[in-house]
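**Student:** Below you'll find the structure I mean.
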Amino acid sequence: MTETQTPTPREAFDLLMSGNQRFVSGACEHPNQDAARRSETAPSQQPFAVLFGCSDSRLAAEIIFDRGLGDLFVVRTAGHVAGTEVLGSIEFGVSVLGAPLVVVLGHDSCGAVGAARSALETGQTPGGFVRDVVERVTPSVLAARAAGREKPEEILSEHIEHTVDLLLERSRVLADAVAEGRTAVIGLSYRLADGSAQLVAARGLDAPTTAAL
């Protein structure tokens, strides 16, 4: 496989995770970050993954996955909460740009998840539009508690998986792409201390591709 060809969902996943492994080990290659790549991608883009992550400043996608220009179509919000603008952006990455992988990226010590937990415990919620973010995370915290999952990492995994399922429930474009084997939607949990990303949810990752049917 060459990076100019559209990879399968599994190949795109492996490409992403190999970059994270390089980042963790301190052996980054910084691919596709030179003048030649800049010129190559100026006319058009063909990212191999749509990355929907938390806006946290420690979660810079191209750095932690050791990628470069034109590789990732990145959408970020606090707590990776998904509104219509997010859904439209992700659908654009899949239906127009042809990305074979959608990644929901959460992380430990997430302020939005912590604020939702605090709001449930104290009954006090932040003001302004931050309140909207907290309210969108709260169902994940409640679902985790209902399942007896009280540890911070368990609540985080629940929120990531909830977001993966929410994308597929709300977007017919994504659901159809997964059903047809053209795209996979996965959830990754990032550890701030060691830089590793762990798979916590996958939908369609190993489904047969349309071309193989």
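The values are calculated or read from the model by the stated rules, or taken from the named source; none is laboratory data. Predicted model only: the values in this text are computed from it and were never measured. Please note: Cβ atoms are built from the backbone with ideal geometry, for glycine as well, and neighbour counts cover all protein chains shown. Ligands, DNA and RNA are excluded from the accessible area calculation, which covers all protein heavy atoms including side chains. Shrake-Rupley method; radii C 1.70, N 1.55, O 1.52, S 1.80 Å.
**Student:** Order Val200, Val130, most accessible first, counting only protein heavy atoms with a 1.4 angstrom probe.
**Tutor:** Output order, biggest surface exposure first: Val130, Val200.
**Student:** Could you order Leu199, Leu51 so the one with the most accessible surface comes first? Probe is 1.4 Å.
**Tutor:** Most to least solvent-accessible, the answer reads Leu199, Leu51.
**Student:** Further, regarding this structure: Under a crude label model (7 Å from the Cα following the beta-carbon direction), how far is Val24 from Val96 in nanometres?
**Tutor:** 3.5 nm
**Student:** Counting only protein heavy atoms and a 1.4 Å probe, tell me what percentage of segment 30-79's accessible area is made up of carbon and sulfur.
**Tutor:** Carbon and sulfur: 52 percent of the exposed surface of segment 30-79.
**Student:** Something else about it: What number, in percent, do you get for the relative contact order of segment 18-177 if the mean sequence gap of Cα pairs under 8 Å and at least 6 apart is divided by its residue count?
**Tutor:** Result for segment 18-177 is 21 percent.
**Student:** Give a quick list of GluC sites (Glu not before Pro) in segment 128-213 that DSSP marks as loop, anything other than H, G, I, E or B, with at most 15 other Cβ atoms within 10 Å.
**Tutor:** Here the sparse-neighbourhood loop sites are Glu150, Glu180.
**Student:** Whenever you get a sec, line up Phe92, Phe129, Phe73 from highest to lowest accessible area (probe 1.4 Å, protein heavy atoms).
**Tutor:** Phe129, Phe92, Phe73
**Student:** Here's something else I'd like to know. Compute the angle between helix 111-122 and the longest alpha-carbon principal axis of the chain, please, reported from 0 to 90 degrees and rounded to the nearest 10.
**Tutor:** 20 degrees
**Student:** What number comes out for accessible area per residue over the chain if the probe is 1.4 Å? Units Å², please.
**Tutor:** Per residue, the chain has 48 Å² of solvent-accessible surface.
**Student:** Suppose we take every Cα in the chain and form the convex hull; what volume per residue is that in Å³?
**Tutor:** So the per-residue hull volume is 128 Å³.
**Student:** Further, regarding this structure: Just the number, please: carbon plus sulfur as a percent of the accessible area of segment 145-212, 1.4 Å probe, no ligands or DNA/RNA counted.
**Tutor:** Carbon and sulfur together cover 49 percent of it.
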